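This report concerns only the one structure given below.
The values are calculated or read from the model by the stated rules, or taken from the named source; none is laboratory data. Quick caveat, the model's predicted, so the values are computed rather than measured. Glycine gets a Cβ as well: all are built from the backbone with ideal geometry, and neighbour counts include every protein chain shown.
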Amino acid sequence: MRSYLELVRLSAKARREQNRMTMLCIALAVFLVTAVLSVLDTYYSMETERLLRKHGSFQYPSWAYPTAAAVFLLILIAGVLMISGCLNSSVAQRTRFFGMLRCVGASRRQIVRLVRMEALAWCRQAVPLGCLLGVVTNWILCLILRCLVKGEFAEIPLFYLSGVGIVCGVVLGVVTVLLAAHSPARRAAAVSPAAAVAGAFAEGDRTARGAEIHCLKMETALGICHAAVSKKKLFLTAGSFAFVIVLFFVFSAALEFGRRLLPSMNPIACDIQISSADESNSLDRDMAREIAALPGVSEVFGNSVALGLPVQIGGESRRIDLVSYDEGMLAASKTAVAAGKLSPVYGNSDQVLTVYDSHQVLNRVDDTLQIDGEKLTVACVVSAGPGIMAGDVVVGCSEETFARITGERDYCCLSVRLTRGAPEETVEAIRQLAGSEQFDDRRATARMEQGAYWVTRIGAYGFLVIIAMIAVLHIMNSISMSVSARISQYGVMRAVGMSGRQIRRMIAAETAAYAAAGGVSGCVLGLMMHYGMIRQMVLRYFGGRWQAPFGVLLTVFLLLFAACVLAVYAPAKRIAALEITETINQL
């Protein structure tokens, strides 16, 4: 051996199985950055070409750069937490090895350099693999957008090679590894020659007192003690889980806000709309019945409208847009109720509903308004409905109430919902019935919006799933290394009568301690952030109440359970396959 750095190659060869998961974590982190930034770069390339043809100029949107930076930062944090944990476990497992190097004359600087070179050696395979997966994923997503979603994505380039995505992926891989290796390298350099001679335990297991059992079983108490003995390892492993859980809650809130912004996600959204050409209530009610009888029509909503109607609200003169809701539209609006009850609005009553708007004056249940001396009370506030057209406030009422107030019964607007696979002959028949009135076929726009939303949703949760995979791999790697470091201790425990089942329980308890610490802290922080985001982004503009995201909580529970099962299985199986004398003699 001509140089001590040749130990990097020899160590990588000897520890190939243990390094595999760490390399996979690096590859997944590089893959995420390359894929996400490649998709963004491809989209901007499409927009550049389209707008250059149309307007002769193009400027990247003051949100493109923060989005890219946020993605880069999130993955960097996740990568540093997880790879640091792996490196710390690896260094702790080789305390005696680093002490021996110090015994034969290696300096602290050389030990630091050795650990960093070992970490960088993982990048030679992991970074190219991550970049390749990211590029291929970008091509697949572009193919889906172009062939299935279509719409504005019909011109997105296929097989686009993003230099930005690849360079950022490479930079992130190298920077993540260097940052993650900093603390373990210093820890390895701090190992004294005396530690090697004395044979100090890797995880600092020699404590002043034993594990506190209390009411726990012995193996459970020992497993929890093993998790708690290294505070840094506990922080890194639990922190990586908490970080992933917080991301699940944050993404859930952001996607809910995006869903509320899409018109096609409105509970009263339609496929075809017929509107009066002069914005009057000139559409005959018989037209609604004729359209409803056509094959392929699922629902027809009819609205009568009184625009800019003068009213008194709180002693002030205002103008409102009064909109009639038929029974079908009232039923569809049940999912949009933000406050109050919808049932009092039905029939000929003095109860109305309002569409929430942060700038309007009627946003609370029991608010009142007067129209020509008639007092109306707000019974319900909904988060979605017709927008402001001429007045300051949108007020909805039943058809009977609208006829009593205005004396009009015909419609200003008909909204038609079609069944899946409705024949084009039905659409043409509706067009003929509309005659000279305004006819708006919204199906293509709705398909594009919903397709883009679901692609975004799948992409966001795919992003989270991959980060969750990195966290699961990290805890599996940490437990595997922890078991390897204590293999001789387990042999002694087996020799004095501990069963293989008790060993498995001990490993399970250690794993559960990491998962519980990360799960509790992640859920607390995640729920706080979810509440804050929903309050500022959703409730502020759409009204309503915050509801605990039980779906996300269930996902978190399943993730933690799967991580624990996977992390315990392989090490427990490995120990069960070893003879007692073999485990005692292993270093």
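Descriptive notes on the structure:
- Flag for ALA69 being assigned to a helix (DSSP H, G or I) and at pLDDT 70 or above: yes
- Some residue of region 315-329 being among the aromatic types (Phe, Trp, Tyr) and surrounded by fewer than 21 Cβ atoms within 10 Å (Cβ to Cβ): no
- In the set ARG504, ARG535, only one residue is assigned by TED's automatic domain parsing to the domain that holds VAL472, of a type in the set (Lys, Arg) and more than 16 Å from THR220 (Cα to Cα); that residue is ARG535.
For every residue, the table says whether it meets (1) in contact with a helix residue (DSSP H, G or I) (Cβ under 8 Å, 6 or more places away or on another chain); (2) surrounded by 15 or more Cβ atoms within 10 Å (Cβ to Cβ); (3) part of a strand (DSSP E or B).
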| residue | (1), (2), (3) |
| --- | --- |
| PRO267 | yes, yes, no |
| CYS270 | no, yes, no |
| ILE274 | yes, yes, yes |
| ALA277 | no, no, no |
| SER280 | no, no, no |
| ALA288 | no, yes, no |
| ILE291 | yes, yes, no |
| PHE301 | yes, yes, yes |
| VAL311 | no, yes, yes |
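- The set of residues in region 138-183 being at pLDDT below 80, of a type in the set (A, V, I, L, M, F, W, C) and under 30 Å from ARG116 (Cβ atoms) consists of LEU179, ALA180, ALA181.
- Residue within region 325-345 that is assigned to a strand (DSSP E or B), more than 12 Å from PHE402 (Cβ to Cβ) and among the aromatic types (Phe, Trp, Tyr) present: no
- Residue pairs meeting the criteria (Cβ under 7 Å; at least 6 apart or on separate chains; first in a loop (DSSP other than H, G, I, E, B), in region 100-111; second surrounded by 12 or more Cβ atoms within 10 Å (Cβ to Cβ) and hydroxyl-bearing (Ser, Thr, Tyr)): ALA106/TYR4
- Residue ID - nearest to PHE301 (Cα to Cα), chosen from residues in region 352-387 that are touching an Asp or Glu at 6+ places or on another chain (Cβ under 7 Å) and modelled with pLDDT of 85 or more: VAL378
- Restricting attention to region 320-351, the residues that are polar (S, T, N, Q) and closer than 12 Å to ALA379 by Cβ add up to 3.
- Look at region 303-324: where a residue is closer than 16 Å to GLU374 by Cβ and a partner is among the aromatic types (Phe, Trp, Tyr) and modelled with pLDDT of 90 or more, sitting 6+ places away or on another chain with Cβ atoms under 9 Å, you get ALA306/PHE402; LEU322/PHE402; SER324/PHE402; SER324/TYR411.
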